[in-house]
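Accompanying notes for the structure given below.
Every read-out reported here was derived from the displayed coordinates using simple, explicitly stated rules and does not represent laboratory data. Since we're looking at a predicted model, the values are computed, not measured. Every residue, glycine as well, gets a Cβ built from its backbone with ideal geometry; the counts of neighbours run over all protein chains shown.
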Amino acid sequence: MPDDLNALLESIRTSVKSPNDAAKIVDRVLRELIQPYHQGFFWGDRLLTLDKSAEFREEAAFRKALTRADSSTGINQYESPDGIAWRYNTLIWAARSSLALPGDFVECGVYRGDMTWMITQMVDIASTGKTFFLYDTFSGLDPQYSSEDDFPDARQFYALANNEYTAPGIEDYVRTRFQDKHYIVITKGVVPDVLHDVAPDQIAFLHLDMNSPRAEVGALEILFNRISPGGIIVFDDYGWKLFRQQKEAADHFMTARGQFICELPTGQGLMIKR
């Protein structure tokens, strides 16, 4: 068996000519050889878990909400059948856990509103009287706060991401998507600048997803003292190698204040304000 296996691996190595070739092999091995021998299997967003329950996927409301939520932010060369469902689950938990705390909800970096959508479909914000404030330029990364230097390991990512964020019609799509949710306030503007004009005095839940170290630290400088004790912050980009400068900036900001962020296998960071 060992000799046969080595010969097989050598044959595979010689046939792989690109990351996509390697991904196809990984996907087939996982699907046909690994998954049948495990009770639980999650494969999406570059996250593989074996024998974990991941029961949130079976919740009827979650499954229904997913039909109108995109996983394109987690697209990669792998099949990723579960998409970014675990990231959504993290956000839903954080939002539910923040409902009883004083303060409103805030999201900086909205894009097409899929993260917001999942939260609002799964968490009864309206009954609490809270407002959910959403902030985005809806016109791409602002050069005042963002540049290729934010991604030293893949400088081309700046242009690729900005091309997505400047696609026409995003703002109209988001406003139409949430027009029936009257507790949502959508503000177009550059974060952190716009926060000086339109931001709640007290915050229970904060989601940061801006792909920009300087912009996120700028947002924290304005909003952090407004977060209630026990309030939750979710950093979408915290645990990804591509965004390591965001992690470094967030860690520096928090440790200076005696706070600590937990890195999650989803790539997110999670912090409960003490």
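Starting from the Cα of Lys273, draw a straight line to each of the lysines and keep only those under 29 Å, dropping any in the same chain fewer than 8 residues away.
Leaving aside lysines fewer than 8 places away in the same chain, those within reach of Lys273 are Lys52, Lys130, Lys181, Lys188, Lys241, Lys247.
Amide H of Tyr238 versus every other amide H placed in the peptide plane: which residues, excluding those fewer than 5 positions away on the same chain, fall under 5 Å?
For Tyr238, the qualifying residues are Gly269.
Give, rounded to the nearest 20 debye, the magnitude of the charge dipole that the stretch 85-272 has about its Cα centre when Lys and Arg contribute +1 at Cβ and Asp and Glu contribute -1 at Cβ. Provide the component values of the computation, followed by the final result.
Numbers: 15 positive and 25 negative charges, 93 e Å.
Here the size comes out at about 440 debye.
Could you give the length gained on full extension between Ser53 and Asp197, defined as 0.36 nm per residue of separation minus the Cα-Cα distance, in nm?
Working: separation 144, 0.36 × 144 = 51.84 nm, distance 4.40 nm.
Once the chain is fully extended between Ser53 and Asp197, it gains 47.4 nm.
Zone of Gln156 (label point 7 Å along Cα→Cβ, backbone N under 18 Å): which residues in the stretch 5-24?
Counting only backbone N, you get 17-23.
Sticking to Cα atoms, compute the Rg of the stretch 99-203 to one decimal and its Dmax as the biggest Cα-Cα distance, whole number, in Å.
15.1, 45
If r is the Cβ-Cβ distance from Leu5 to Glu79 and R0 is 35 Å, what FRET efficiency results, to the nearest 0.05?
Details: r = 24 Å, r/R0 = 0.69.
Rounded to the nearest 0.05, the efficiency is 0.90.
Looking at Gln144, Val198, Ala249, which one has the Cα that reaches farthest to the positive end of the dipole of the chain (charges on Cβ: Lys, Arg +1; Asp, Glu -1)?
The listed residue farthest towards the positive side: Val198.
As I understand it, the dipole of the chain uses +1 on the Cβ of Lys and Arg and -1 on the Cβ of Asp and Glu, about the Cα centre. Which of Leu30, Val185, Asn6 lies farthest toward its positive end?
Val185
Apply the a/c threshold of 1.5 to the C-alpha gyration tensor of the stretch 118-274 and tell me whether it is rounded, prolate or oblate.
Working: a/c = 1.65, a/b = 1.10, b/c = 1.51.
Oblate, because a/c is 1.5 or more while a/b does not exceed b/c.
Any chance you could give the angle, 0 to 90 degrees and rounded to 10, that helix 213-223 forms with the longest Cα principal axis of the chain?
40
Helix-only estimate, please: 222 nm mean residue ellipticity of the chain, summing -39500 (n - 2.57) across DSSP H runs of length 4 or more and dividing by its residues, to the nearest 500.
On the way: 9 runs with 95 residues, N = 274.
Computed mean residue ellipticity for the chain: -10500 deg cm²/dmol.
Compute the convex hull volume of the Cα atoms of the chain, divide it by the residue count, and report the result per residue in Å³ as a whole number.
On the way: hull volume 41.8 nm³, N = 274.
Cα convex hull per residue, to the nearest whole number: 153 Å³.
Can you give me the distance in nm between label points at Ala23 and Glu171, each placed 7 Å from the Cα along the Cα-to-Cβ direction?
Each label point is offset 7 Å from its Cα along the Cβ direction, giving 3.3 nm.
At 0.36 nm per residue, minus the direct Cα-Cα distance, what do Arg68 and Gln179 gain on full extension? Give it in nm, one decimal, please. Let's see the in-between values first.
Working: separation 111, 0.36 × 111 = 39.96 nm, distance 1.54 nm.
Difference between extended and current length: 38.4 nm.
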